[in-house]
Amino acid sequence: MTQCALFLIFVSTQISVPSPGAIARRKQRQEQDFFADLLRSCTGIDDLDRGKQIHARILGTQHGSNRFLANTLVEMYGKCGSMEDAKMVFHGIEDPNLFSWSILLVGYAQNGYLEDAEKIFAAMPERNVVAWTAMLAMHAQAANLEEAKRLFDAMPEQNDVSKNTMLAAYAQNGHLEKARLLFDGMGDRNVVSWTIMVSAYGQNGLVNEARTLFDRMPTRGVVAWNALLTANARLGHLEEAKKLFDLMPEWNVISWTAMVEAFARDGYLKQARQVFDRMKERNLVSWTAILSGYAQSGMIEETKCFFDRSPEQNIFTWNSLLAAFALHGFLVEAQQFFDLKMVEHDLVSWNTMITGYAQAGYMQEAVSLFNRMPSKDAVTWTAMITGHAQLMQHHEAQRVFRLMPERDVLSWSAMVGVNAQNGHLEESRRIFDEMPFRDVVCWNSMISSYAGSGRGEESLEVFHLMDLDGTKPDHVTFSSILTACSHLGLLNSGWRMFVVLAVDHGVPPRQEHYASMIDILARLGKLGEAEELVKSMPFVPDLQEWATLLGASRVHRNKKLGMEAAKSAIHLGTKTSSTFVLLSDMYKEDRSLRRLAT
């Protein structure tokens with residue numbers, strides 16, 4: 001026998017040829033994995049019809065009774081919201097395993113079928129941490145915190161997911177102290193745990209606490225960055241939001257949209273547009289943000305332009321354009337758009353129309369829409385109260401208030417304002433004292449009512465009560481307090497409040513707060529300090545600041561400062577009648593100012 005023949009015999013003995021059975025099993029596994037991948041792709045895009053087609057194909061093969069594929073089908077139907085189909089497949093499994101029970105339970109829980117989920121949980125022959133966590137998450141989502149806590153404490157085993165689920169349950173329902181207690185007791189906090197707490201503080205306006213935790217995070221994902229960015233943007237902390245955005249290691253569509261919203265909310269539409277144009281990816285929220293910005297500023301043509309450009313239109317974009325019309329006096333166009341163009345109306349749509357008519361004083365039209373509304377909320381009723389108040393229909397506003405099925409802080413605050421507008425401050429205070437609950441809006445309403453009526457001492461008294469109550473003030477509170485200090489000529493109190501605003505409460509002073517301090521200084525004749533504040537504030541001075549200096553210069557006969565203030569006011573292109581009157585009064589005494597008024 002040759003060497004070649006011997007070599008071939010040796011090789012043939014070393015190579016194992018698969019048996020027909022092994023080949024068949026490998027083919028079955030490949031087909032099984034193929035069908036499983038197809039089902040998972042349906043889950044990813046929520047395509048129930050395609051999932052049913054694949055299910056039918058599976059039934060026509062030898063895999064019809066395959067438990068692995070049956071479990072995958074239960075999962076697919078559950079995630080696509082078809083629990084009847086999921087239940088049918090489950091009951092067809094000859095010997096369901098723990099995974100079969102768990103994914104059916106998760107399906108019921110995620111789709112909000114509380115009773116069905118509880119029945120499955122009770123019937124399970126054994127339970128794993130997935131089943132316990134699904135029940136915990138379901139009760140947390142339904143705001144059943146006591147039951148969620150009972151389940152959490154009863155769990156034989158807790159993992160990161162279950163702990164974070166309980167943490168999120170507390171945070172999302174406003175129980176920040178309980179959330180923090182649980183968070184501090186977690187020895188194995190991960191990036192999700194940290195992000196939940198940062199988001200919770202941010203969503204509740206506690207940006208200082210959110211920032212403190214954010215700075216302590218071992219690692220930060222884009223979600224944590226976005227949580228802090230969005231919190232600052234929504235509270236009007238534009239400069240801080242810009243700093244955070246610039247520091248972010250990466251941006252996604254949420255980051256960009258937050259900055260569009262931040263600029264648009266503060267009226268910086270040019271900057272909002274620049275950010276929007278730089279976005280590589282935009283979603284419906286992005287388009288709605290830029291639309292809302294232009295709509296709130298009453299820029300109708302720009303709003304219509306973006307509305308027409310939006311690749312997708314829904315109730316949010318429709319409401320943005322409707323608001324642009326209705327809230328800026330274009331009521332004929334608003335009504336036509338509401339009646340003829342909007343495919344559907346939600347509560348916001350109806351409220352926008354009613355508010356538009358009420359603000360413009362057309363209460364007959366507002367009442368007509370109010371009576372046609374399929375459902376009403378506190379915003380609806382409050383718009384009616386405010387509309388009647390603007391027309392000095394005090395008794396009608398009170399009638400609407402009495403008819404309200406349920407009153408919230410907005411309606412109570414509106415009645416405080418209604419009585420104040422009609423000179424009934426004692427009645428405003430009586431209503432305020434009767435409020436069953438108060439938030440910052442309520443306190444602001446009472447403080448501004450006193451401040452606007454020249455009763456600064458009472459305004460400061462209510463602010464001190466607010467401080468004792470533990471309610472966190474906002475920029476509106478401080479605007480009213482500084483107005484009160486201005487009326488009373490309280491320079492030291494004004495400066496103290498100005499510092500407290502940023503240092504104690506984390507509210508960066510806005511231009512309106514600087515304007516109030518400038519007014520206080522000017523009224524008291526401290527023109528040098530007022531001028532210094534105008535020139536040193538982190539904003540470009542506008543007409544209000546220069547007009548304040550101009551008026552004070554005339555009163556205190558400071559012609560040099562008066563000339564500079566007048567030049568600056570005219571340089572802004574704002575040759576208003578008030579500027580001319582002040583200049584006229586001054587140049588009667590000094591002809592060197594005559595040329596500025598011509």
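Write out, first by first residue and then by second, each pair whose Cβ atoms fall under 6 Å of each other, whose residues are 6+ apart or on separate chains, and whose first residue, in the stretch 65-79, is assigned to a helix (DSSP H, G or I) and modelled with pLDDT under 90 while the second is open to solvent by less than 30 Å² (accessible area, probe 1.4 Å) and hydroxyl-bearing (S, T, Y).
Close Cβ pairs satisfying both conditions: N71/S100.
Quick check: is even one residue across the stretch 117-131 open to solvent by 70 Å² or more (accessible area, probe 1.4 Å) and under 28 Å from the mean Cα position of the chain (by Cα)?
Residues of the stretch 117-131 that are open to solvent by 70 Å² or more (accessible area, probe 1.4 Å), as a first pass: 118-119, 122, 125-127, 130.
Restricting the remaining residues to those that are under 28 Å from the mean Cα position of the chain (by Cα) gives none.
No: zero hits.
Among the helices (runs of 4 or more DSSP H) confined wholly to the stretch 207-264, which include 1 or more residues that are closer than 21 Å to F276 by Cβ and not polar (S, T, N, Q)?
The helices (runs of 4 or more DSSP H) meeting that bar are 222-234, 238-247.
Among the residues of the stretch 442-469 satisfying the criterion of being open to solvent by 30 Å² or more (accessible area, probe 1.4 Å) and at pLDDT below 85, which is farthest from the chain's Cα centre (by Cα)?
That would be G454.
Being charged (D, E, K, R) and either outside any helix (DSSP H, G or I) or touching a residue at least 24 places away in the same chain (Cβ under 8 Å) (or both) is the filter here, so list the residues in the stretch 33-52 that pass it.
Listed by number, the residues that qualify are R40, D46, D47, K52.
So, in the stretch 207-256, exactly how many residues are within 28 Å of D184 (Cβ to Cβ), open to solvent by less than 20 Å² (accessible area, probe 1.4 Å) and over 17 Å from the mean Cα position of the chain (by Cα)?
Number of matching residues: 5.
Could you please let me know if N371 is of a type outside the set (K, R), in contact (Cβ under 8 Å) with a residue 24 or more places away in the chain and out of contact with any strand residue (DSSP E or B) (no Cβ under 6 Å at 6 or more places or on another chain)?
No, not satisfied.
Identify the single condition in (1) without any contact (Cβ under 8 Å) to a residue 12 or more places away in the chain; (2) over 20 Å from I290 (Cβ atoms) that D308 does not satisfy, given that it satisfies every other one.
Unmet condition: (2).
Is it the case, given these coordinates, that N97 is open to solvent by less than 40 Å² (accessible area, probe 1.4 Å), under 21 Å from Q32 (Cα atoms), among the polar types (S, T, N, Q) and out of contact with any Cys (no Cβ under 9 Å at 6 or more places or on another chain)?
No; evaluated as a whole, the condition is false for this residue.
Within the stretch 310-363, which residues are closer than 25 Å to Q390 by Cβ and hydroxyl-bearing (S, T, Y)?
Of everything in the stretch 310-363, those that are closer than 25 Å to Q390 by Cβ and hydroxyl-bearing (S, T, Y) turn out to be S320, S349, T352, T355, Y357, Y362.
Could you list all residues from the stretch 475-498 that are among the small types (G, A, S), under 25 Å from V207 (Cα atoms) and open to solvent by less than 10 Å² (accessible area, probe 1.4 Å)?
Result: G494, single match.
So in the stretch 31-64, with the set limited to residues that are under 38 Å from the mean Cα position of the chain (by Cα) and either open to solvent by less than 40 Å² (accessible area, probe 1.4 Å) or over 20 Å from S82 (Cα atoms) (or both), which one is modelled with the lowest pLDDT?
So, considering only residues that are under 38 Å from the mean Cα position of the chain (by Cα) and either open to solvent by less than 40 Å² (accessible area, probe 1.4 Å) or over 20 Å from S82 (Cα atoms) (or both), the one modelled with the lowest pLDDT is T43.
Tell me, please, whether a residue that is surrounded by 19 or more Cβ atoms within 10 Å (Cβ to Cβ), modelled with pLDDT under 85 and of a type in the set (V, I, T) can be found in the stretch 499-512.
yes
The values are calculated or read from the model by the stated rules, or taken from the named source; none is laboratory data. Given the structure is predicted, the values throughout are model-derived calculations rather than measurements. Glycine also receives a Cβ, built like all others from the backbone with ideal geometry; neighbour counts cover every protein chain displayed. The accessibility values were calculated without ligands, DNA or RNA, using every heavy atom of the protein model including side chains. Shrake-Rupley method; radii C 1.70, N 1.55, O 1.52, S 1.80 Å.
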